[in-house]
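Comments concern the structure below.
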Amino acid sequence: MSTRSHGVQDMTIPSIPTRGRTLDYAAPVYDFLEPLFLLMKQAEYDLTLINVLDPRPSDTILDLGCGTGVLCRMIAERLQPELGGSVTGIDAAGKMIEVARKKRGAPHCRFEAMAAEHLLFDDETFDAVVSSLFFHHVPLDLKKLSLQEAFRTLKPGGKLIVADMHKPTTFMGWLVSHVSRWFFMQPQIGENIRGVLPDLMVEAGFPPPRTVAQYFGYITVFATSKPQ
Ligand SMILES: C[S@@+](CC[C@H](N)C(=O)[O-])C[C@H]1O[C@@H](n2cnc3c(N)ncnc32)[C@H](O)[C@@H]1O
């Protein structure tokens, strides 16, 4: 633990063991890199997710693989803590959680080091679970487990919004997907671009998801809900 000059304590947060690709090494520069990956359309992309999520002020919301917490903080702005509204971002990379807490933490915008495949929350805790660009970081069995955990921790009727790499819809999308899969040597991307996510959501208990938006020819935004 280190102590900053004004007395606030900076905790070193240990990462959580997982077979997912965690991004501890990228945490200090992630906020500069992500807008580039999203072709400077990050704000528009995040806003799409929030509009699909359409949170009520009193909702409790979970973000899987939250990174540095940009989306969580935008969601938090729509919530009213005095009505019980809160958002929790989890990420297995301790360094991501350190940055998220420091830059975007608030009493109703919390960040925890946790693996999405093993959530430390009770059943039926959340009104909505959201996830952006997380599932292409974990192998097939962890994609399955993470969706099962999302289902378990959602309240009946709770929403699931997943934005991630999926079957490419344009030539550029195809090129970016396949180059990323081989450049980063990431078979988990290969699973996504073969189109596994909707079936895994159904396997976890969700109705077949709707495609609500597509970005850059390689990111699809899915929405579904846990049955009542
Ligand atoms: C590409 S980043 C996405 C971050 C953020 N959601 C966004 O849209 O910018 C993927 C994140 O998933 C995290 N991650 C990888 N495996 C994980 C796991 N098993 N559980 C939770 N987070 C994990 C990584 O550390 C990384 O921060």
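The values are calculated or read from the model by the stated rules, or taken from the named source; none is laboratory data. Note that the structure is predicted; figures quoted are calculated from it, not measured. Methodologically, a virtual Cβ is constructed for each residue, glycine included, from the backbone with ideal geometry; neighbour enumeration extends over all protein chains shown. When the accessible area is computed, the model is the full protein with side chains, heavy atoms only, and any ligands, DNA or RNA have been set aside. Shrake-Rupley method; radii C 1.70, N 1.55, O 1.52, S 1.80 Å.
General observations
- Selection count, the range 181-223, where residues are free of Cβ contacts under 8 Å to residues at least 24 places away in the same chain and in a helix (DSSP H, G or I): 6
- Test: Val212 is more than 24 Å from Ala115 (Cα to Cα), among the aliphatic types (A, V, I, L, M) and surrounded by 17 or more Cβ atoms within 10 Å (Cβ to Cβ): no
- Looking across the range 48-79, the residues that are within 13 Å of the ligand (Cβ to nearest atom) and surrounded by fewer than 23 Cβ atoms within 10 Å (Cβ to Cβ) come down to Thr48, Leu49, Ile50, Val70, Arg73, Met74.
- Considering residues of the range 122-140 that are part of a strand (DSSP E or B) and not β-branched (Val, Ile, Thr) only, the residue nearest to the ligand (Cβ to nearest atom): Ser132
- Scanning the range 114-126 for residues that are in contact with a strand residue (DSSP E or B) (Cβ under 7 Å, 6 or more places away or on another chain) and small (Gly, Ala, Ser) returns a single hit, Ala116.
- When the range 81-112 is filtered for residues that are more than 15 Å from Tyr25 (Cα to Cα) and touching a Pro at 6+ places or on another chain (Cβ under 7 Å), the ones remaining, listed by number, are Pro81, Leu83, Gly85, Pro107, His108.
- Selected residue (criterion: most open to solvent (accessible area, probe 1.4 Å)) from residues of the range 80-103 that are within 14 Å of Asp59 (Cβ to Cβ) and not in a helix (DSSP H, G or I): Gln80
- Residue count for the range 158-174 under the criterion of being assigned to a loop (DSSP other than H, G, I, E, B) and surrounded by 21 or more Cβ atoms within 10 Å (Cβ to Cβ): the result is 2.
- Pair list, Cβ under 9 Å, 6 or more apart: the range 130-151 residue under 11 Å from Gly205 (Cβ atoms), other residue among the basic types (Lys, Arg): Ala150/Lys226; Phe151/Lys226
- Per this entry, Ala106 is not counted among residues that are surrounded by fewer than 22 Cβ atoms within 10 Å (Cβ to Cβ), more than 27 Å from Ser15 (Cα to Cα) and away from the ligand (no atom under 11 Å from the Cβ).
- The residue of the range 109-121 that is farthest from the ligand (Cβ to nearest atom), among those that are of a type in the set (A, V, I, L, M) and in a loop (DSSP other than H, G, I, E, B), is Leu120.
- In the range 54-70, the residues that are in a loop (DSSP other than H, G, I, E, B) form Cβ pairs under 8 Å with partners that are of a type in the set (Lys, Arg), at six or more places apart or across chains, as follows: Pro55/Arg78; Pro57/Arg78; Thr68/Lys103; Thr68/Arg104; Gly69/Arg101; Gly69/Lys103; Gly69/Arg104.
- Residue check, Thr22 out of contact with any Pro (no Cβ under 9 Å at 6 or more places or on another chain), surrounded by 19 or more Cβ atoms within 10 Å (Cβ to Cβ) and either free of Cβ contacts under 8 Å to residues at least 12 places away in the same chain or in a loop (DSSP other than H, G, I, E, B) (or both): yes
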